[in-house]
Amino acid sequence: MEKQRLVVFGDSWARGAELGPNEKTFGELLSDRLNFKSFSNYSHPASSISHLVVQLKSFLKMLSDTAKDPSEYLAVFFLTSQARSMSYLDNNWIFQTPNGGYGTKGYKREFVVSTNEMYWKYFYSQELTEVTVNTNLIALQSICQQYKIADFYIPGWEKFDPWSEVNQSKIHTISCGDVINFNVDILDTNPYIYPNMSHPNQLGHQKIANLLYEWIVSCA
């Protein structure tokens, strides 16, 4: 394979929330199996799809600052819930999610909660979500093309219906949620989740890594 370094972007699933200290994320497992030289994880808990662009730009700045070549990288983007949004205030990202707000750096919890409630009451709409998701997917693919990064996208636990302007061949038709039989009503009996509360365990990460490996190798 031409690429020799892997970078992953996404939310808490891709970051490895609830994994033990000696366990590996699907990105690490994938990098090991591809026998790549390095692995980087730019994922952040509660991230929105819009924030993937921020993560990518941060990664590119790091490469520029350290004089590293972007074309050596293969990137995996974990596509989280379409409904998530974000705002930026006082040098902090604030994420709006259906089950609660999240502020980086421990940002004022009462403010995060209140803005989250206002967002869902006054600003959210399915139409806005469709525009946000697709324009960000187009931006991610365009940036990766410019820097010659091989980009792959996998839905988290939701199905996506991209615009025709999005290169859909780069988006896996199976979600990570489908791969590990993710169902919020039976998490405590799911062998790919338990004993975790809501994130894949090591077996779940291994199964996602296997799916990604087979897909990426088939595209090489």
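Here are a few things to note about the model shown:
- Residue in the range 29-57 that is surrounded by the most Cβ atoms within 10 Å (Cβ to Cβ), counting only those that are in contact with a strand residue (DSSP E or B) (Cβ under 7 Å, 6 or more places away or on another chain), outside any loop (DSSP other than H, G, I, E, B) and free of Cβ contacts under 8 Å to residues at least 60 places away in the same chain: S31
- Filtered by the rule that a residue be crowded, with 22+ Cβ neighbours inside 10 Å and either touching an Asp or Glu at 6+ places or on another chain (Cβ under 6 Å) or farther than 19 Å from Q141 by Cβ (or both), the range 58-83 gives A75, T80.
- Out of T135, T189, one residue alone is at pLDDT 95 or above and of a type in the set (S, T, Y). It is T135.
- Test: K170 is charged (D, E, K, R) and touching a Phe, Trp or Tyr at 6+ places or on another chain (Cβ under 6 Å): yes
- Positions within the range 20-46 being at pLDDT 95 or above, of a type in the set (G, A, S) and either under 18 Å from L211 (Cβ atoms) or within 12 Å of the chain's Cα centre (by Cα) (or both), in sequence order: G27, S31, S43
- The set of residues from the range 171-212 being of a type in the set (F, W, Y) and either surrounded by fewer than 17 Cβ atoms within 10 Å (Cβ to Cβ) or within 16 Å of the chain's Cα centre (by Cα) (or both) comprises just one member, Y194.
- Total residues in the range 97-110, condition touching a residue at least 12 places away in the same chain (Cβ under 8 Å) and not small (G, A, S): 6
- Applying the set (1) surrounded by fewer than 14 Cβ atoms within 10 Å (Cβ to Cβ); (2) within 20 Å of S48 (Cα to Cα); (3) basic (K, R) to K148 leaves exactly one unmet item: (2).
- Single condition E23 does not satisfy, out of (1) assigned to a helix (DSSP H, G or I); (2) touching a His at 6+ places or on another chain (Cβ under 9 Å); (3) over 18 Å from T80 (Cβ atoms): (1)
- Residue match in the range 79-95 (condition: free of Cβ contacts under 8 Å to residues at least 60 places away in the same chain, within 25 Å of Y194 (Cα to Cα) and of a type in the set (A, V, I, L, M)): no
- Qualifying positions in the range 187-216 - of a type outside the set (S, T, N, Q), in contact with a helix residue (DSSP H, G or I) (Cβ under 9 Å, 6 or more places away or on another chain) and assigned to a helix (DSSP H, G or I): G204, H205, K207, I208, A209, L211, L212, Y213, I216
- Given (1) farther than 25 Å from E23 by Cα; (2) of a type outside the set (K, R); (3) under 17 Å from the mean Cα position of the chain (by Cα), number of the condition S125 does not satisfy: (3)
- Scan of the range 1-20 for residues that are farther than 20 Å from S81 by Cβ and assigned to a helix (DSSP H, G or I), ordered by number: none
The values are calculated or read from the model by the stated rules, or taken from the named source; none is laboratory data. Fair warning: this is a prediction, and the values are worked out from it, not measured in the lab. Every residue, glycine as well, gets a Cβ built from its backbone with ideal geometry; the counts of neighbours run over all protein chains shown.
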